[in-house]
Structure formats: C-alpha cells, structure tokens
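What follows is a short report on a single structure.
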Amino acid sequence: MIAKRSGRKSILANFGAFSQPKAEASDSFVPKDHSSRSGQPLARVGAGVIGATQRSLAELREERDSLRALVDAGGGSELDPNLIDPSPFPDRLPDDSDTAFEALKKLILDEGQKVPIQVRRHPISEGRYQVVYGHRRWRAALELGIKVRATVLSLSDSELVVAQGIENAARQDLSWIERALFAWRMDAAGIKARDVRAALSIDDPELARLRSVCRALPVDVIETIGRAPRVGRPRWVALAYAVSEDPSALARVQRTLSSDKGLLLSSDERFKHALAAVRKPQPQSRGEKEIKGPAGRVVGKATFSGGDIKISIVTEYASAFSNFVEEELPRLMERFFVREGEG
C-alpha cells in the first residue's frame, strides 16, 4: 500500500540533516571515525534530488534548519528490532559471502552501535516501523538480540525511496543491476518517474536503460545471477538484448544458472556463463571468402578455420594492407568488444 505524504516537509528537509558519517553508515567493517555526529557538516545532496523538490533554496534551508533543531532536541530512540520491517523497496541483492556482515556484527557487539539507523512509522501496522536505511545494522541487532538505535521519521513512499537514494549515492556501492531492480520496484509501486530519477540521481535515458533490462530479464533470473558488482551497464544491456531477440535464449540462461556448477560460482561468474549461454555458437569452419577491390577485382582471400583467421593479399597491395591492418586492429577490437557488450 502506498503511504500518503505527511505534512509539508520536503524530501531534502527530511533527509539532508540526517546524512551519516562514513564510519558505520556503510554497514561494513571499515571503522575510521567513531566520534560524535554533533558538528558534522551536512552531506551534499545530488542535483537530481534538489530538482525533484522544485522549491526555492531559501525554503529548503529553512526547513532543514527546523528539522535539525528537532533532532538536536529529541535525539534518537532505542527500538526492539523485532518491531521493524525492511524497506518495502529492496535495493540490494545478497552478497556472495557473509564475511563483511559478520565483521559488522562483531564490531557492534564489541563497541556498540555508533550510528543510528533511520526508520519510518509503518504506514498500515500500528506500532511497527520500516527501515529507511541501515538494513545491515538492523539485521545485526536482530541476530545479536539487542535493541537498535534509530531515528524515527514520518515519510511518504516517495520520500523514503529518495532517502535510500541519497544514502546509496553517498556510498556508491550499489551495482548497476541493483539500481535497475530498485527502479523497477519503484515503478511497480507507482512511484513517480521524477522521484525515481531523484532517488538514483539519473536522467531519463539512463532510467530507460534500467527499465529495458528488467523488462527483458525476469526478476528471478536477475536474482539468481546476483549483484555482479564487476558487471556494468553494457553487458547487462547486451544480455537483455540477446534474450529479447532470441526466444530460446532465456531457456538456455535458466538451464545454465540452475546447474550445480552455476550455483557454486560467484555472481560475476554466473553472469559470464549466462551471457555465454545466449550467444549462438559459431560454426567451426566457414571456409574461404574472396576479398575484392572497388572495381570487383579479386585482390586476396580470407580463410576461416575455427579460431584461426588467415588473410592473403596480392603482392602489389601486400605491404600497404599489412600496415593498414596493424594500424586499424586496435579500433577493430574495440568495436568487437562493444558489440559483445564488454566495451
């Protein structure tokens, strides 16, 4: 259910004053500064977020300062993590390893929770909350059986997703496909396009690319592949395009991912196997092809045999053509990898 927007507070006002320091906000074991948050400068918010509010700078500053005063006066709360639910808009896929999470749990157990998570009051369940961000800290507290420090806000769905976007933009650790799924889930929940763009700090063309991949690839296939942190937009677009063009490609991908070998691979490796599965196998030998000049005269031939390629050119052009191929080869390979989705 979509929560109604409460009050007049803008998106930036609700979240700008709550930007977290780097130490624990990343939810990973990289402790650098455990000092108090008081006196910390406000984190800069992306232009997309400011544009989404469509409000004057003076209004934004006034609302931000008002909210900061409320925070300074009220501080945070300690909540039972069993009363908290995850965000209705998941923006992460599981990691291949729980090592970082286990390190975070140990840090919280040994030193306590340094940075509060942010939650909103549940829009339909009285007495419950939903995580805005800080899912790993919440999960750590849940597994440790301790209360979690939290800042409680009253937020609409649009404000919630933009808050998640601000946090993730600061951390820059969502993979490309996680961003695509986040956008897809916001679309499914009826979040307006301008708020989706603001949450991810993207423009219309990039939003169209994120949507196109999720239209072509079923969510269960994406989730099986995983977050694939080293795989960027070009290869995901190439995989989606191949599945769209070949009706049998999706079945090959699903067979590849469901194999025992596929389940043991890292998410990056699972993606590579999925991409290989959609590519039609090339014949081992395609024989010879004549090379002709502009007037139709045969000036050489190219021989293809498996992975071997041999080009023969008549003597009068041999030296010049050899130099030409040597110069053009880097650009030719660049075009090849772009076509393969690896450029």
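The values are calculated or read from the model by the stated rules, or taken from the named source; none is laboratory data. Just so it is clear, the structure is predicted and the values come from calculations on it, not from any experiment. For neighbour counting, all protein chains shown are included, and Cβ atoms are generated from backbone atoms with ideal geometry for every residue, glycine included. All accessible areas refer to the heavy atoms of the entire protein, side chains included, with ligands and DNA or RNA removed. Shrake-Rupley method; radii C 1.70, N 1.55, O 1.52, S 1.80 Å.
For this structure, a couple of remarks:
- Excluding ligands, DNA and RNA, the accessible surface per residue across the range 208-263 is 52 Å² with a 1.4 Å probe.
- Between Ala251, Met186, Ala276, the Cα set farthest toward the positive side of the dipole of the range 171-287 (charges on each charged residue's Cβ, about the Cα centre) is that of Ala276.
- When the surface is traced with a 1.4 Å probe over the full set of protein chains, Thr224 keeps roughly 60 Å² accessible.
- Ranking Asp91, Asp220 by solvent-accessible area of protein heavy atoms (1.4 Å probe, all protein chains present), from largest to smallest, gives Asp220, Asp91.
- Rounded FRET efficiency, nearest 0.05, which uses the C-beta distance separating Arg279 from Lys310 and R0 of 25 Å: 0.55
- With DNA, RNA and ligands ignored, accessible area of His122 (1.4 Å probe; Å², nearest 10): 40
- Annotation: per residue accessible area for the range 117-158 equals 41 Å², rounded to a whole number [probe 1.4 Å, protein chains only].
- Placing R0 at 22 angstrom, the Cβ-Cβ distance between Asp85 and Val219 gives a FRET efficiency of 0.60 after rounding to 0.05.
- Carbon + sulfur, % of accessible area of the range 184-343 - ligands and nucleic acids excluded, 1.4 Å: 54
- Given R0 = 30 Å, the distance between the Cβ atoms of Arg297 and Glu340 translates into a calculated FRET efficiency of 0.35.
- Our estimate of slack between Ser244 and Leu142, defined as 0.36 nm per intervening residue step minus the Cα-Cα distance, is 32.5 nm.
- Label positions at Arg121 and Arg230, each projected 7 Å from the Cα along the C-beta direction, are separated by 4.8 nm.
- Stretching the chain fully between Ala251 and Ser212 yields a gain of 12.1 nm (0.36 nm per residue, less the alpha carbon separation).
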